[in-house]
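Undergrad: Pasting a structure below so you can have a look.
The values are calculated or read from the model by the stated rules, or taken from the named source; none is laboratory data. Bear in mind the structure is a predicted one, so any value in this text is a computation, not a measurement. Here the Cβ positions follow ideal geometry from the backbone for every residue, glycine too, while neighbour counts run over all protein chains shown. Side chains included, ligands, DNA and RNA excluded: accessible areas come from the protein's heavy atoms. Shrake-Rupley method; radii C 1.70, N 1.55, O 1.52, S 1.80 Å.
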Amino acid sequence: MNYEAVIGLEVHVQIRTRSKMFSAVEAGFGREPNTLTDAVVLALPGALPVINKAALDAVIKAGLMLGCRIAPVCKWDRKNYFYPDSPKNYQISQYDQPICLGGQVEIEQPGAARNVMGEHKSIPLTRIHLEEDVGKLNHGTSDSLVDYNRAGTPLMEIVSEPAMHSADEAYAFLTALRAAMVQGGISDCDMEKGQLRCDANISIRPVGESRLGTKVELKNLNSIAFVRDGIEHEIKRQLAVSERGGVIVQETRDYDGQTGVSQSLRSKEMAHDYRYFPDPDLMPVRVDEEWLARIRLDLPEMPFDRQRRFIASYQLPYTSTSVLIWDRELSVFFEETARISGQPAMAANWIINGLLREMGAAGMSLGQCLIRPEHVAELVVLVAGGKLPGPAAKDVFTEVFRTGEKPAAVIAKLGLESTSNSGAELENWCREAIASNPKALADFKSGKDSAINGFKGHVMKSARGRANPQDVDRVLREQLSKL
Amino acid sequence: MASEIHDQTVAELAGRLARRELSSEELVRALLARKDAVDDRVKAFNSLDADSALAEARASDARRSAGQSRGPLDGIPIGLKDVIAVAGQPLTASSRMLANFISPYDATVTVKLRAAGAIPWGRLNLDEFAMGSSTENSAMQTTRNPWDLSRVPGGSSGGSAAALAAGEAVATLGSDTGGSIRQPAAFCGLVGLKPTYGLVSRYGLVAFASSLDQIGPFARTVEDAAIVLGAIAGHDARDSTSFRADVPDYREELKQRRGPWRLGIPKEYFGEGLDPEVAAAVAKAVAYYQGLGCTIKEVSLPHTEYGVGAYYIIATAECSSNLARFDGIRYGHRSKQATDVVDLYFRSRAEGFGPEVKRRIILGTYVLSSGYYDAFYLRAQKVRTLIRQDFLNAFHEVDAILTPTAPTPAFRVGEKAANPLAMYLCDVYTIGVNLAGLPGNSVPCGFTSGGLPVGLQLIGQPFQEAELLAIAQAYERGHDWTARRPAL
């Protein structure tokens, strides 16, 4: 029998705010344990939560970016369970009236080849709700320590419909979602810091069957690569169970990305009864049109929208766009360079093959770079105008990247100014080149045009790279035509 | 009769302090002496930090000498129920769970009292976590009613009531979730006010049932209650359920509001279980208002009979979640026998909580459980809406509603301890006010033949405390109940 996998994801994204979800204490990472706490975070007797409006702004922004309906009224519920990482032994969350409903994440499926755009697909979302993160347990051999620094950090949970059918789709979903959240300034989504965490609900069913199979929840998928590996592994496991004639049991499994093995955490019978009820300490939140309008002013372009625009407005090839669009700053850098230089295709090439290469070699992010779009644009114009030969331009780029100096200044510093158009020097270099290579001359005269490159190399060597390639070509052809 | 310092009202003492006839330090020393003389019998105080009270009294005296008095409460000690946080002082909730807990921060009411110059005065006993109607559920001690030491002071704010009635304080704060200020006020012959839900910040009040809890004053007179309420009321950004309302000068308002008022008598509050002497005292009070020119109208609150049931579902559901934080992990009682984390929870909570608290946690956990939520919690919330609607309907016709505060006067220690249901019915007249979020005021309206105080409850419209206090004072002026003191 042929089976298909059905996958739904629950993605937790920490919202980057100055203070915590329900108290004024700072939200942060990597600090001395239990220093980012106060009476509210530690759940001291008498402490009460107060909603962080910046976190609401961020989740509304996320919802609008993902095409969700923003609920006019949402409320807060308590999810009750005992665990030492939860100071109140309940988590403030949103149960049946979340702030965002519906929406979708656009993904690109793998194309026929690397340079061919794959089919796009919309993965529908069920909801997004806002809640608070829990603390962290560090287990020792004989005891466990709790750090409440993370407790109370604003956290949104993005729940997809069970609408993906492969690990690749899940991977594409997370990549697109992460890019959107980073580009919206909502979260840094650093999975190593736990700023993005993913659980997957996975089931299989015979192809053609519309009912869902028994789902298994896979937890602790703590890198995007592990999400793909874990889902792949779980689909294979379920297929193997089915093929043996076994029954898939509803359970929660833990996937270990290092070993590639999953094991059962708890069965359905062991599932918690969270005893959700409305939090009496908090009032429902009303989101009106004015609020939405204010957030709409600040919505970034979604990556695939940007890709469509880059292809349409700049006639960029698909492969270039798929490098640029996932980084908002890089896209802005490109557009600035294209605007100033008037040469979008060359601008994209210099950014992808020059800038990204230099950044990679230097291990720097764009924000740390000294090079500016006007620098790259200046280079692009010089090269396009034949004022700077390609090899020299690369050296200039490297120096501009290193120093942040203007290309013109670097050219002067390195003595790379092109020689004048028809100097006697150039005439001499060309004569020497032709004279020193009779074989190439014979080839050229017998009709092999590419033989001229042999002379060009010689001229450039004599000119130590400073000759204008177009001038070299012109003078060589003039002299050759007379021979 | 009220000539001793400890017997005087806040208004009198404020006047004497202002005229420099008395220093705050003298006042504090007089109350310390009184406490030393009677508290081994009354048992109202869980603890008292005399040194810090004296230091603050001297600071107040210095302010007054420098012409920088902060107003009528400057230098006045205000007793605090042991669920209201004071930085550096114990916050036990009369529970073994918090027996050694020191609060690192001030509740908002404490901050406000300090801003008015008042002095936090002791940690007053209560039923553990404010759950009870007699203060017998305290893990610390059983507080006695100063009018009859064989009887309970009521609860849960029994320590706040008894301390004031015994002259160990001149005003105190309690908290009221289902009657925990008004019922002990009635049992101890005091004025006790539960403000409108949202008028007084709950920040720093150990939560029992968040949607019902309110802090309010116990006072000897309506005027004193108005003074204290004025100091603690007002919006607080730390409490999301706190209301953005203007706080009037309640004491000044008392002088302005003269009636006559339209007063409602709900027939459902005068049925089975009402002690005849209480009924008679309330009837006389009603007649008195009639004599003042007030219109008396019978009103109906038809959903009253469902109040106790709805209350014990909502209050226990909230408490089961609110008290989950007491787990022995970060603070509070931690069992020494525990073998693992689950065992730590079980043992710490088994050892730390008393039987009534456990009963309510179990009940609340049950009503929120999957499959029972709709039948219990959701239905109770609907009843709550209907009860509020009953009151609001009645307020179309009347300015305030008069009822007995409690069905009986103070009962004997141990009398109802074995029968939780009988104990729950002590709150039958006070619970509706909490469910509806309304202000309720208990004022003394006489004594039984056995010399026990009886309370009259006045229920007002939301945020109409000024009117409610004026109506209460109109009655108080014509009687001398509030001038009487128990013989101790």
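Undergrad: Can you check how the C-alpha radius of gyration of segment A:303-414 compares to 2.2 N^0.38 Å, as a plain ratio?
TA: Scaled against compact globular proteins, the figure is 1.01.
Undergrad: Over segment B:391-462, what lengths in whole Å, largest first, do the semi-axes of the equivalent ellipsoid take, defined as the square roots of 5 times the eigenvalues of the alpha-carbon gyration tensor?
TA: Sorted largest first and rounded, they come to 26, 16, 7 Å.
Undergrad: If you don't mind, another one. Determine the order of A:340, B:362 by accessible area, beginning with the largest, at a probe radius of 1.4 Å.
TA: B:362, A:340
Undergrad: Right, another one. Amide H to amide H, which residues 5 or more places from residue A:100 or on other chains are under 5 Å from it, using H placed in the peptide plane?
TA: For residue A:100, whose amide H was placed from the backbone, the distant partners under 5 Å are A:71, A:128.
Undergrad: A further question follows. Leaving ligands and nucleic acids out of the surface, order B:97, A:1 by accessible area at 1.4 Å, largest first.
TA: A:1, B:97
Undergrad: Please report the accessible area of residue A:242 (heavy atoms, 1.4 Å probe, ligands and nucleic acids excluded) in Å², nearest 10.
TA: 30 Å²
Undergrad: Using alpha-carbon pairs under 8 Å, 6+ residues apart, how would you state the relative contact order of chain A in percent?
TA: Relative contact order of chain A: 14 percent.
Undergrad: If DNA, RNA and ligands are ignored and the probe is 1.4 Å, what is the ranking of B:289, A:83 by accessible area, most exposed first?
TA: Most to least solvent-accessible, the answer reads A:83, B:289.
Undergrad: Calculated from DSSP H runs of 4 or more alone, at -39500 (n - 2.57) each and per residue, what is the 222 nm mean residue ellipticity of chain B, nearest 500?
TA: The per-residue figure over chain B is -11500 deg cm²/dmol.
Undergrad: Measure nothing fancy, just the Cα-based angle from helix A:373-384's long axis to the longest principal axis of chain A, in degrees from 0 to 90, nearest 10.
TA: Tilt relative to chain A: about 30 degrees.
Undergrad: Note down the accessible area of residue A:117, probe 1.4 Å, to the nearest 10 Å².
TA: Solvent-accessible area, nearest 10 Å²: 80 Å².
Undergrad: Here's a follow-up. For peptide A:275-285, compute the average count of partner chain beta-carbon atoms within 10 Å of each residue's beta-carbon.
TA: Whole-number average of other-chain Cβ neighbours for A:275-285 is 6.
Undergrad: Another question, then. Any idea what diffusion coefficient the protein assembly as shown gets from Stokes-Einstein, in µm²/s, Kirkwood Rh on alpha carbon pairs, 25 °C, 0.890 mPa s?
TA: My calculation gives 74 µm²/s for D.
Undergrad: Okay, next question. Averaged over its residues, how many other protein chain Cβ atoms are within 10 Å of peptide B:205-211's Cβ atoms?
TA: Mean partner shielding for this stretch: 3.
Undergrad: Between rounded, prolate and oblate, where does segment B:5-260 land on the alpha carbon gyration tensor, with a ≥ b ≥ c its root eigenvalues, rounded for a/c under 1.5, else prolate if a/b exceeds b/c?
TA: Because its axes are fairly even, with a/c under 1.5, segment B:5-260 counts as rounded.
Undergrad: Let me ask something additional. Using a 1.4 Å probe, how large is the accessible area of residue A:119, given in Å² and rounded to the nearest 10?
TA: Number for this one is 130 Å².
Undergrad: Based on the inverse mean of 1/r over its pairs of different Cα atoms, what is the Kirkwood hydrodynamic radius of segment B:18-91, in Å?
TA: Hydrodynamic radius (Kirkwood, Cα only) of segment B:18-91 equals 13.5 Å.
Undergrad: Over the alpha carbons of segment B:198-263, what is the largest minus smallest coordinate on each principal axis, giving the biggest first in Å?
TA: Per principal axis, max minus min of the Cα coordinates gives 37, 25, 25 Å.
Undergrad: Same structure, new question: Once the Cα atoms of segment A:3-294 are picked out, what are the Rg and Dmax in Å?
TA: Both quantities, over Cα of segment A:3-294: 19.6, 62 Å.
Undergrad: Also: Using the heavy atoms of the protein chains and a 1.4 angstrom probe, tell me the accessible area per residue for the protein assembly as shown in square angstrom.
TA: Here the residues of the protein assembly as shown average 40 Å² of exposed surface.
Undergrad: Between the alpha-carbon centers of segment B:441-488 and segment A:72-115, tell me the distance in whole angstrom.
TA: 53 Å
Undergrad: Going by a 4.7 Å Cβ-Cβ cut-off, which cysteines of chain A have no partner at all?
TA: For chain A, the answer is A:74, A:189, A:198, A:369, A:430, because their Cβ atoms have no other cysteine Cβ under 4.7 Å.
Undergrad: Sticking with this structure for a sec: Need the full-extension length gain, residue A:29 to residue A:412, defined as separation in residues times 0.36 nm minus the C-alpha distance. One decimal, nm.
TA: Gain on stretching residue A:29 to residue A:412: 133.2 nm.
Undergrad: Enter the mean projected area of the convex hull around the alpha-carbon atoms of segment B:342-488, in nm², rounded to one decimal.
TA: Mean projected area of the Cα convex hull: 13.1 nm².
Undergrad: Using only protein heavy atoms and a 1.4 angstrom probe, determine the accessible area buried between B and A, summed over both sides, in Å² to the nearest 100.
TA: 2700 Å²
Undergrad: Looking at the square roots a ≥ b ≥ c of the eigenvalues of the Cα gyration tensor of segment A:424-482, which shape do they give, rounded for a/c under 1.5, prolate if a/b is larger than b/c, or oblate?
TA: Judged from the Cα gyration tensor, segment A:424-482 comes out prolate (a/c at least 1.5, a/b above b/c).
Undergrad: Based on the Cα coordinates of segment A:106-186, what is the per residue volume of their convex hull in Å³?
TA: For segment A:106-186, the hull spanned by Cα atoms encloses 161 Å³ per residue.
Undergrad: Leaving out ligands, DNA and RNA, and with a 1.4 Å probe, what % of the accessible surface on segment B:381-447 is carbon or sulfur?
TA: Reported share for carbon and sulfur atoms: 58 percent.
Undergrad: While we're here: Can you bin every Cα-Cα distance in segment A:18-84 into 5 Å intervals starting at zero and give me the percent of pairs per bin, rounded to whole numbers?
TA: Final binned percentages: 3, 13, 17, 21, 20, 14, 9, 3, 0.
Undergrad: While we're on this one: Show the residues, 5+ positions off or on another chain, whose built amide H is closer than 5 Å to the amide H of residue A:77.
TA: A:93, A:94, A:95, A:279
Undergrad: Here is a further query. Given the DSSP H assignment, sum -39500 (n - 2.57) over each helix run of at least 4 residues in chain A and divide by its residue total; what's the result at 222 nm in deg cm²/dmol, nearest 500?
TA: Value at 222 nm, helices only, nearest 500: -11500 deg cm²/dmol.
Undergrad: Moving to a separate point now. Multiplying the sequence separation of residue B:372 and residue B:419 by 0.36 nm and subtracting their Cα-Cα distance, what value in nm do you get?
TA: Stretched fully, the residue B:372-residue B:419 segment lengthens by 14.4 nm.
Undergrad: Only protein chains counted, 1.4 angstrom probe. Which residues of segment B:300-329 are at least 40 Å² less accessible in the assembly than when their chain is isolated?
TA: When all protein chains are present, B:321, B:324, B:325 each give up 40 Å² or more of accessible surface.
Undergrad: Between helix A:452-463 and chain A, what is the angle of the helix's C-alpha long axis to the longest principal axis, kept within 0 to 90° and rounded to the nearest 10?
TA: It is inclined by approximately 90 degrees.
Undergrad: Round to the nearest 10 and give me the degree value, 0 to 90, for the angle of helix A:303-314's Cα axis relative to the longest principal axis of chain A.
TA: Once rounded, one gets 20 degrees.
Undergrad: Which far-off residues, 5 or more places away or on another chain, put their amide H under 5 Å from the one on residue B:119, with H placed in the peptide plane?
TA: Sorted by chain and number, the residues that satisfy this are B:75, B:76, B:78.
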